[in-house]
Each structure stands twice: as C-alpha cells, then as structure tokens.
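The values are calculated or read from the model by the stated rules, or taken from the named source; none is laboratory data. Model, not experiment: these values are computed from the prediction. All Cβ positions, even for glycine, are placed from backbone atoms using ideal geometry, and neighbour counts span all protein chains on display.
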Amino acid sequence: MKILCEKNELLNGVNIALKAIPSKTTMEILDCIKIKAENGFIELVGNDMSLGIETKVKGEIIEEGSLVVNAKIFSEIIRKLPDSEVAFTASDVSANIKCENVNFDIPVRSAADYPDLPDIERKNFAIMSQLTLRDMIRQTVFSIAPDSENMKIMTGELMEINGKKLRLVSLDGHRISLRNVELNEEYGNQKVIVPGKTLNELLKILSGELEDKVTIYFSDNHILFEMKDTIVLSRLIEGEYYLVDRMISGDYETLVHVNKREISESIDRATLLLKENEKKPLVFDMKDTEMEVKLKTPLGNFDEKIGINKEGDDIKIAFNPKFMLDALRVIDDESIDIYFMNVKSPCIIKDKTESYMYLILPVNFNAE
C-alpha cells in the first residue's frame, strides 16, 4: 500500500475513527485503526464491537491495500507531523510514514484480523439536517444516566419516529429531557434506544450546517447514521423504554415567565458556594412579580431577587441547581415558561409548541 494525504486531512479522519476505539479492551486488535485504500477511496475504520465508525479521507492512492495500525501511536504521530503532505507506505509487517524530513517506521497487522462492521439492511430510514439532529442530541443527552447494568435503558435515549415527527427522550430517574421536531417527509414508525456513548460521539461528528444531511437507517439490532464521508454504526439497547407520556402532566397551579439569562446567571452565582459534588437545595420562592433564589451552605449564604411574570399561586420549591442549569444551558429561547403543580411535583420547562420539554423533580428543603 502507498497513499499520499495532506496532514490535516488525514488527522481529521483519524480523529473521527478514534471515537470508536475503546479506552479499555481485552482484544488487542480493537486498539487499532484499519486503513483501507481501495477503489479510489482511502477509508479509516474504528470498531469497539458496539460502536463502529468508517470515514473517508481525500488523498492519492498510488498502490492499493489494507492494513491495521495501533490507533494511539498512529494518531499521535500524525498529530505531531509538519503541516505538509504525508506519504504512507506499507508492507505486510511495517509501514513508513514520511512528511518533509520526518520518518517513522511502525509495525502493522493484517486487515484480515480486524472485525468487519455489521452489514445491515438499509430499508427503514429517515433523512434530516445534521444541524437539527446535533441540536436535538445536545439538548437531551446530558440527562441520560451513568453507565450501569442495573439501569441499562437509562444509559440511552429513546429515538421515536411517527410519520413526520421525530422525538428524542432521555431520563435518569431525577429528570426527563424531551425534544420534538417535524421532518420534511413521512418515514413510518420507528422506536429504538440508542446508547448515550454513541450519541455523545455522534455529536462531535455532525456538522453545524443546515443543508448537510444525515440518513438514519434502522434495523432490529443496529442504527446507522450515514453522512457524506462518514458512517456511524451502533448496536441498540434492548428493552422497552419507559412510558414517558404517563409521567408528564399538563396540569399546573403556577406558571412563571422569566428571562433565561437572568435565572441562569443567578443559579450559576449561587453554585459558587458549593463544593464539588456537594448537594444542597436551591430554593425558589415565587411571589407576585418576584422570584427569590436562595442557597445556604457551610461556605456562606446566597440570596438574589429576579423579576418574573407569574400566573396562579405563590410557591416555594427547591431543586438540585445542577439539574436546573443543565436544562437552561441548552435552551436557546430568550425567555422561558416554568410550570409548577406543588412542592412535591416536578416542574416542567417547555415552550408553547412543546418542541422541547424538561421535567425536573424537586428536592426536600427546610422551609424556614
């Protein structure tokens, strides 16, 4: 094999493939990236047996071939090369990497040892903007649960398509995040649970351009995201997702309209008095045209008043400040609506069309 690539083009491809390289594995071959130069394409592949990524890079193929190199060593070498053309020449046992006056010789392995990505039927699919999907993931993925065998379903997100409507849902037992979007066409009905790890890595790959499209293919056990030069293939989480609609009530006793920036900055200031991982209730006392935000910790006390528009009853309620901030940070609206039922029921932050919805459970606090 012999290929020529610009350093930055090759590095970008390596960084994408690296997202599917496991941090720990008992299979040494999975620590590697497969490089394939065939049929006019240079492809880089990473695979941890649950998540697989294949991406194409621009370059010149002088001699076709395929092989496997250690991902960490190869990526560090490419990263530290001069910004110039890279010549990659390989035999069955070693490869030479040359860039200007720099030469590296590294061992390689046979591509036959590397596990192929599963070949799924590309029958059930949906097409949407990469920007829209990226925003939907960004606005929900933070509320999946930490990886746990006891809560496997909570470590992923529900992706559901009904005709032209797509929604993503995540929850961790303390909060629910939900995003809805209308697609340009009808794509039937699909309902799968996508691992959070897959979505976090996909978030880094999806483009920020509205006109760039991604095609999503659904099969019984896998989901495939296909972009212009990259595919991301992931196993699905098995099981039935929670009946989220039953957890969300449309009833409320208090509705508060508040400037998102003002409440976000107030909560952010309050958390200055919290030690790392310390859990103290952040109290919201809403009366007439004013919301009072209060926090008491061993480091001191915080109190700030914010102007609001309130409909309904006064209410004094407390929340985990991190959960509130997580939701507020991903909302793009200038002002938000927060709905309350009582001090024991979750608040719901949503817009008028319910394109987004964040449900957050309250915490106990000393009312004095």
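Remarks
- Count of the range 88-112 residues which are part of a helix (DSSP H, G or I) and surrounded by 13 or more Cβ atoms within 10 Å (Cβ to Cβ): 1
- Members of the range 347-361 found to be surrounded by 19 or more Cβ atoms within 10 Å (Cβ to Cβ), in contact (Cβ under 8 Å) with a residue 24 or more places away in the chain and either part of a loop (DSSP other than H, G, I, E, B) or touching a Leu at 6+ places or on another chain (Cβ under 9 Å) (or both), listed by number: 347, 348, 356, 357, 358, 359
- Among the residues of the range 216-250, those that are under 17 Å from residue 55 (Cβ atoms) and either of a type in the set (Asp, Glu) or at pLDDT below 95 (or both) comprise 226, 228, 229.
- Only listed residue being touching a residue at least 12 places away in the same chain (Cβ under 8 Å), among the hydrophobic types (A, V, I, L, M, F, W, C) and touching a helix residue (DSSP H, G or I) at 6+ places or on another chain (Cβ under 8 Å), chosen from 341, 291: 291
- The range 187-232 - residue that is out of contact with any helix residue (DSSP H, G or I) (no Cβ under 7 Å at 6 or more places or on another chain) and assigned to a helix (DSSP H, G or I) and, of those, surrounded by the fewest Cβ atoms within 10 Å (Cβ to Cβ): 204
- Look at the range 169-196: where a residue is more than 21 Å from residue 326 (Cα to Cα) and a partner is of a type in the set (S, T, N, Q) and assigned to a strand (DSSP E or B), sitting 6+ places away or on another chain with Cβ atoms under 6 Å, you get 189/162.
- Taking the range 240-339 and the helices (runs of 4 or more DSSP H) fully enclosed by it, the elements with 1 or more residues that are surrounded by fewer than 13 Cβ atoms within 10 Å (Cβ to Cβ) are at 244-247, 260-270.
- Considering residues of the range 145-180 that are of a type in the set (A, V, I, L, M, F, W, C) and either surrounded by fewer than 15 Cβ atoms within 10 Å (Cβ to Cβ) or more than 20 Å from residue 328 (Cβ to Cβ) (or both) only, the residue modelled with the lowest pLDDT: 151
- Close Cβ contacts (under 7 Å, 6 or more residues apart or on different chains) running from residues in the range 1-24 that are under 25 Å from residue 92 (Cα atoms) to residues that are among the acidic types (Asp, Glu) and surrounded by fewer than 16 Cβ atoms within 10 Å (Cβ to Cβ) comprise 1/63; 1/64; 2/63; 3/60; 4/60; 7/83.
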